[in-house]
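None of the figures in this text is laboratory data; all of them are computed from the coordinates on show. The shown structure was predicted, so the numbers you read here are calculated from the model rather than taken from an experiment. When we count neighbours, we look across all protein chains shown, and the Cβ atoms used for this are built from the backbone with ideal geometry, even at glycine.
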Amino acid sequence: MTQPSLISPQFRTLITQPTTLCNLNCGYCYLPARDKQILMPVRVAQRLAESVVEQNGADVVEVVWHGGEPLTTPIAHMRNLLDPFEELRRDGRIVHVVQTNATLVDDRWLSLIGDYQISVGVSIDGPGDRFNADRVDWAGKPSTRKIMHGVRCLRAVGVPFSVICVVTADTITRADELLAFFADLGCESVAFNIEEMEGLNAHRRQVTQDEAQAFWARLWQLQPDYPDLHIRDLDRLRGFIARTRDGWTFPPEAKYEPIPTVATTGDIVLLSPELLGIRSPDYRNFVVGNVLVTSIPAMLATMREHRYVAEFERGLAACQTACGFWEFCRGGAAANRFFEHGSFDGTETAYCRNTRQAVVLSAATRIST
């Protein structure tokens, strides 16, 4: 008898790559081919919109325009990519999100963001070039000044934005400076992503669990001083504890999201966007199909036939059986298993230790009741 899948057959997040090109060359970036401008054809966007219609799910789908750097896409072409989703957006069935380094924000992009009601996420790693030492352009020049100009443009017209901050081995001890900076920046929330060994980024010193736990512990101490700043990782645990205290448990139907990630060509990988563009003949480069040929719902209906999806599902089952953090963590990220273990059916990773376990262990008595 076939066991029920631990991975959802429906998607609520759709990560799309309008272009491969990025105008920055960040030291920790995992993406290949980011020095090339390969644009997504409009027909791919049309097929993605058709896949949302075919799925006909109850949940709103978040269409995340990622990259590369999405704002290197010619703006007229970007409008052409967004237009196939317009009826869905107006009906409240999808929302758009753009994750950007903000260096190219100008009046034209602000107009597009307003026209399509796009939520904005900005990538910046802290105050000044010292914190953004890895965020340089292709000539090796710092990007902080341009990022801050883009942030000021967003603020000037009242566009709310969230932040993703990559915390490296060089900045993991700087929690005080980071939190003070983001509270002053004007962002609605900040997500701290501790640097991981992924893709092309496998050569740098990694943060230890002790360092991560000390970082999160300091954030727990500091957050009351910044009541208007949401910290994703702390809020996630606080919300989980509040729900479980009320007797809530994950319903049996709660499953890992498949997270289809779409290359400019229409090729699709599942489970982790970090797998996009990674070469692995053993796993057929993680591609489960091309949306120009097969709809995403049809791909998800047969996803367990792909070796890496089946392996990951076995890994999730092992975590569920053995890990005391399962109810909160829900199994971590697929890409981390591959890059650390060479397969997907391993269990604990540095991501688990540094971004899930360390948050829980550092909380201690600091979560308010």
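Neighbour counts of other Cβ atoms within 10 Å put ASP83, ASP91 in the fewest-to-most order ASP91, ASP83.
Residue order for ILE75, ILE278, ILE268, fewest other beta carbons within 10 angstrom first, comes to ILE75, ILE278, ILE268. Arranged from fewest to most other beta-carbon atoms within 10 Å of their beta carbon, GLU327, GLU196 become GLU327, GLU196. Hydrodynamic radius of segment 35-85 by the Kirkwood approach over all distinct alpha-carbon pairs: 12.1 Å. Per residue, the average separation of C-alpha pairs within less than 8 Å and at least 6 apart gives segment 275-369 a relative contact order of 21 percent.
Bridging of LYS141 to aspartates and glutamates at a Cα separation below 14 Å is possible for ASP129, once same-chain residues fewer than 8 apart are set aside. Roughly how many nanometres apart are two label points built 7 Å out from the Cα toward the Cβ at VAL42 and ARG232? Roughly 3.3 nm, to one decimal. Placing +1 on the Cβ of every Lys and Arg and -1 on the Cβ of every Asp and Glu, with nothing else charged, gives segment 13-245 a dipole about its Cα centre of roughly 160 debye. Inter-label distance, ARG145 to ARG304: 5.7 nm, where each label sits 7 Å from its Cα along the C-beta direction. In segment 13-245, Rg over Rh equals 0.97, where Rg is the alpha-carbon radius of gyration and Rh the Kirkwood radius from pairwise Cα distances.
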